[in-house]
There are 2 protein chains.
Amino acid sequence: MMTTIVKSHDNENIVWHRHNVDKSSRAEQKKQKPCVLWFTGLSGAGKSTVAGALENRLVELGYHTYLLDGDNVRHGLCRDLGFSSEDRRENIRRIGEVAKLMADAGLIVLSAFISPHRAERQLVKDLLPEGEFIEVFVDASLDVCEKRDPKGLYKKARAGEIKQFTGIDSEYQAPVNPEVHLHAGDKTVSELVELSLHSLRKRAIIRD
Amino acid sequence: MMTTIVKSHDNENIVWHRHNVDKSSRAEQKKQKPCVLWFTGLSGAGKSTVAGALENRLVELGYHTYLLDGDNVRHGLCRDLGFSSEDRRENIRRIGEVAKLMADAGLIVLSAFISPHRAERQLVKDLLPEGEFIEVFVDASLDVCEKRDPKGLYKKARAGEIKQFTGIDSEYQAPVNPEVHLHAGDKTVSELVELSLHSLRKRAIIRD
């Protein structure tokens, strides 16, 4: 980080040149490589749960993180958006932009949204420098998710009370080549967290 | 921070209870109190310059920060917004929401936008817990700012090439009781940074 501040008077004009704190100095201060761990998967697959548990572990290991999920985004930044295709796309775009700013702040960002469309996930990937978008596929079958149905949403979707529900009457496009592929149908949260950590170490996102 | 993860099987239903990393644990990890330093003032008053220089000093002192300004917001998160009153308000709203998320991440957030209207600044203040919104008034007269005119914008506004320019044909509503009041017309950047630090120490935002 350069910290020189040069000030030159030219009559009444003051010209200030600055050398700001930047992404690399913010990351260095935190002794980590910023990145975005983008969790995607069906409702009920365990995205938020696994992302939250992984965040716990990362913080225990000394990393600086932030978790973006429906709880902190839907009623704030994206409160003006509904559930039309266009609004859902804009929702993901804004989350991607915030994730980019958070990574610029030097953080390891976790995000947990269904984000069913490949094009939207690609859009977020394209916002970030090479290697900083880590797609984490939380892979559980529709059958498993529907049996879990932790929020009773599948039941409502089957009853026609919720329209355009991913997996029921709206498509989920599974990742083709995710950086981390978690088979979440038959594993415990702890196991999924360990698998994620292993994968992140292998990719040198976190230290051994 | 609670890190207990409880998992209970109930036939095929798996209920996961989680205790996530939260704002206070993220802040504790960084040994600081999160807050938003909201710089406001006319174009050319020195908001970005002072905020950038203050960020430098804060990082030197070991704080974890992030600076939101036109450079990292206008072409990203707010790229869909124009310059109508409505879009300007939405611009400030989104920046406020992102600042809130960044503070939730445990950071000391600096933001540098003209933000000419009291109501908009109040909106951002209302998003944050008591005491976390620190209004920093970068106070330089229109005359001084127009003489500096670092981006040539006043000249364009006077020529009618830019409409609704704050201070020329659009009102700037000065803060009534800002937490930090910087008289920026006749002081150096270093002086303004020292004054800011003094003010932040007095308010126990940063340590002595």
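Look at the axis of the rotation that sends chain A onto chain B, then give the chain A residue with the nearest Cβ and the distance in whole Å.
Measuring from each Cβ to the axis, the minimum is at A:Val98, 3.
Using the Kirkwood radius built from alpha carbon pairs, what does the Stokes-Einstein equation give as D for the protein assembly as shown at 25 °C and 0.890 mPa s, in µm² per second?
107
Among A:Tyr63, A:Pro116, A:Gly41, whose Cα sits farthest toward the positive end of the charge dipole of chain A (+1 at Cβ of Lys/Arg, -1 at Cβ of Asp/Glu, about the Cα centre)?
In chain A, that residue is A:Tyr63.
Greater than 20 Å separation of Cα atoms is the criterion. Which listed pairs, A:Lys31/A:Lys202; A:Lys100/A:Lys202; A:Lys33/A:Lys187; A:Lys30/B:Lys125; B:Lys23/B:Lys47; A:Lys23/B:Lys23, meet it?
Long pairs (Cα-Cα over 20 Å): A:Lys100/A:Lys202; A:Lys33/A:Lys187; A:Lys30/B:Lys125; B:Lys23/B:Lys47; A:Lys23/B:Lys23.
Stokes-Einstein diffusion coefficient for region B:23-203 at 4 °C in a medium of 1.567 mPa s, Rh from the Kirkwood formula over Cα pairs: what value in µm²/s?
Stokes-Einstein gives a translational diffusion coefficient of 78 µm²/s.
Can you sort A:Leu153, A:Leu42 by solvent-accessible area, 1.4 Å probe, largest first?
Largest to smallest exposure gives the sequence A:Leu153, A:Leu42.
Which residue fluctuates the most in chain B, going by a Gaussian network model with Cα springs under 10 Å, if the choices are B:Gly160, B:Gly185, B:Gly70?
For chain B, modelled as a Gaussian network with Cα springs under 10 Å, the answer is B:Gly160.
On C-alpha positions alone, give me the angle between the axis of helix A:85-104 and the longest principal axis of chain A, in degrees, nearest 10.
40
What's the ranking of B:163-173, B:110-120 by average number of surrounding C-beta atoms within 10 Å, highest first?
Highest mean packing first, the order is B:110-120, B:163-173.
Put a point 7 Å out from Cα along the line to Cβ at B:Ser85; what are the distances to that point in the other copies, in nm, shortest first?
Spelled out, the distances from B:Ser85's label point are 3.6 nm.
Give me the percent relative contact order of region A:23-203, please, defined on Cα pairs under 8 angstrom at least 6 residues apart.
Over region A:23-203, the number comes to 33 percent.
Name the shape class, rounded, prolate or oblate, that the alpha-carbon gyration tensor gives for region B:15-75, where a ≥ b ≥ c are the square roots of its eigenvalues, rounded holds for a/c under 1.5, and otherwise prolate holds if a/b is larger than b/c and oblate otherwise.
prolate
Over all residues in B:28-38, what is the mean tally of Cβ atoms on other chains that come within 10 Å of each residue's Cβ?
1
Across peptide A:55-68, how many C-beta atoms of other chains are within 10 Å of each residue C-beta, on average?
Per residue, the average neighbour count from other chains is 4.
Average partner chain C-beta neighbours within 10 Å, per residue of B:20-27?
4
Cα axis of helix B:118-127 to longest principal axis of chain B: angle in degrees, 0 to 90, nearest 10?
The helix B:118-127 is inclined about 10 degrees to chain B.
Gap in Å between the Cα centre of region B:148-208 and the Cα centre of region A:83-115?
31
Quick one: if you take sqrt(5λ) for each eigenvalue of the C-alpha gyration tensor of region A:27-118, what semi-axes come out, biggest first, whole angstrom?
24, 15, 10
Measure nothing but the geometry: give the 0 to 90° angle between the long axis through the Cα atoms of B:189-202 and the longest principal axis through the Cα atoms of chain B, rounded to 10°.
With rounding to tens, the tilt is 40 degrees.
If I build a Gaussian network model for chain A, linking alpha-carbon pairs within less than 10 angstrom, which residue out of A:Ala105, A:Ala53, A:Ala159 has the largest mean-square fluctuation?
Looking only at A:Ala105, A:Ala53, A:Ala159, the biggest GNM fluctuation is shown by A:Ala159.
About its Cα centre, what dipole magnitude does the protein assembly as shown give when the only charges are +1 on Lys and Arg Cβ and -1 on Asp and Glu Cβ, stated in debye to the nearest 20?
400
The values are calculated or read from the model by the stated rules, or taken from the named source; none is laboratory data. None of the values given here were measured: they were computed from a predicted structure. Quick reminder, even Gly has a Cβ in these numbers, built from the backbone with ideal geometry, and neighbours come from all protein chains shown. Ligands, DNA and RNA are excluded from the accessible area calculation, which covers all protein heavy atoms including side chains. Shrake-Rupley method; radii C 1.70, N 1.55, O 1.52, S 1.80 Å.
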